[in-house]
Amino acid sequence: MTMRRVAILGSTGSIGTTALRVLSRQRERFCVSALTAFSNAALLREQEVEFRPAFVGLVNNGASEHAAWESGRSCLIAAATRDDVDIVLNAVVGAAGLDATLAALECGKRVALANKETLVMAGHLVHAARARGGGELVPVDSEHSAILQCITGRTGVEVRRVILTASGGPFRQWSSEKIERATLTDALQHPTWRMGRKITVDSATLANKALEVIEAHHLFGLSFDQIDVVVHPQSVIHSFVEFVDGSVLAQLGVPSMELPVLYALTHPERVPDTGVPPFDPVESSPMTFERVRVADFPALALGVAAGRRGGAAPAVFNAANEEAVSLFIDGRIRFGDIPGAIESALEALGEWNGDSRDAILAADEAARRHVRTRFQC
Ligand code: NDP
Ligand code: MG
């Protein structure tokens, strides 16, 4: 494999730091050309000293909200479109990653996509940018990495269905009354994964699984009827693919993002010396499965319905969720208010048009405003 040059957007986050750990063991295959962070200047500086990238960008430069948005956007795009970058790992959280994904694909780069919100809000724009620029989109999300690993080398028509696994989050066995009143500390106690706060809260509401269903729809060209979800509390099986003949493949591994991140960089190749411990089926036992408690985790069905509806609805779902999670993290709404905030935004704005980038960003902004004005106490 020739030396590949990587830009990491969001290098100071959970996925970003995991990626740098992975890359530090793969220095003969990869070098780091660009790093960006939002606010963590100290960690970014440490990373700069260790990896010596040609470009380092701190997005939040303390400017006004609008100026910061604009300069943040240009900083991410600048990192994502450099000539000395082959692969852009988009590990930014939330809709802020959209323009960088589009720009990198337009420039023909491989985008290793952790930033699923981007694909959910604007899947058709992402596909159009890829088609125009000749870029490549490879998932980082463990479930989608599992599916990609199971289908690589096969044709899409052979796939009958995929089954995404979900840990069930910290409230898997809680009563619905108790879930309503869950605190931030409760929501951040994820049983199997250590991740950034936003996705950890999304895993507790199961909004994350809704985002992942829409993500699978766009990545693999599957209809929503071909995507199921099953709860698998141990998070060892990362997803299943059922083929037309009834055969089912799955990809297994300890719950760590190191392998999915590395695979997104090397796909379709595999590399040795990953530091991943050998798989021990006995240590991983028992592996159990449960139906999703759909009525107690309404964010999942709301998100899937938004995905089916199309237009701006997935962008509204995503933005309302981002805003509600941020209000919950700030202690301004209850955990149980999050699905209601999403539902209300979808009722008000779900019919909006999502044809263009501007239409999607307008729906995104309207959904955030809707949630802020109606649900802030
Ligand atoms: P974190 O919150 O840990 O990290 C987010 C990163 O993005 C940080 O580097 C942060 O900078 C930066 N950032 C935050 N806001 C902005 C912004 N407005 N503009 C530019 N950069 C910004 O998140 P995670 O690493 O957990 O998640 C990143 C993405 O990956 C999400 O989309 C998530 O859904 C997805 N993902 C994460 C998994 C995980 O295991 N963590 C698994 C699968 C998917 P700073 O720290 O300097 O403020
Ligand atoms: Mg996932």
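The values are calculated or read from the model by the stated rules, or taken from the named source; none is laboratory data. Worth saying up front: this structure is predicted, and the values here are computed from it rather than measured. Neighbour counts are summed over all protein chains in view; Cβ atoms, including those assigned to glycine, are modelled from backbone coordinates with ideal geometry. Each accessible area value is taken on the protein alone, full model and side chains, heavy atoms only, with ligands, DNA and RNA left out. Shrake-Rupley method; radii C 1.70, N 1.55, O 1.52, S 1.80 Å.
Structure above, values below:
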{"read-out": "Signed unit charges on C-beta, dipole axis of the stretch 255-377, positive-most listed residue L300, P286, H370", "value": "H370"}
{"read-out": "Surrounding net charge for R372, when Lys and Arg each add one and Asp and Glu each subtract one, Cβ distance under 14 Å", "value": "-3"}
{"read-out": "Ellipticity estimate at 222 nm from DSSP helix runs (n ≥ 4, -39,500 (n - 2.57)) divided over the chain, nearest 500", "value": "-14500 deg cm²/dmol"}
{"read-out": "Amide H contacts under 5 Å for V88, placed H, 5+ residues apart", "value": "A7, R110, V111, A112"}
{"read-out": "Theoretical gain in end-to-end length, E65 to R357 [0.36 nm per residue, Cα-Cα removed]", "value": "103.1 nm"}
{"read-out": "Cut-off 16 Å, label 7 Å out along Cα→Cβ of Q189, residues of the stretch 160-174 by amide N", "value": "168-174"}
{"read-out": "Surface share of carbon and sulfur [accessible, 1.4 angstrom probe, percent] for the chain", "value": "52"}
{"read-out": "For the chain, built as a Gaussian network whose Cα springs stay under 10 Å, the top-fluctuating residue of N90, N40, N208", "value": "N40"}
{"read-out": "A128-S284 FRET efficiency (beta carbon distance; Förster radius 35 Å; 0.05 resolution)", "value": "0.30"}
{"read-out": "All aspartates and glutamates inside 17 Å of K209 as judged from Cα atoms, apart from same-chain residues fewer than 8 positions distant", "value": "E117, D141, E143, D225, D228, E290, D296, E322, E343"}
{"read-out": "Solvent exposure of the chain as accessible area per residue, Å², 1.4 Å probe", "value": "42"}
{"read-out": "Semi-axis lengths, Å, the chain, gyration tensor of Cα atoms, sqrt of 5 times eigenvalues", "value": "28, 26, 21"}
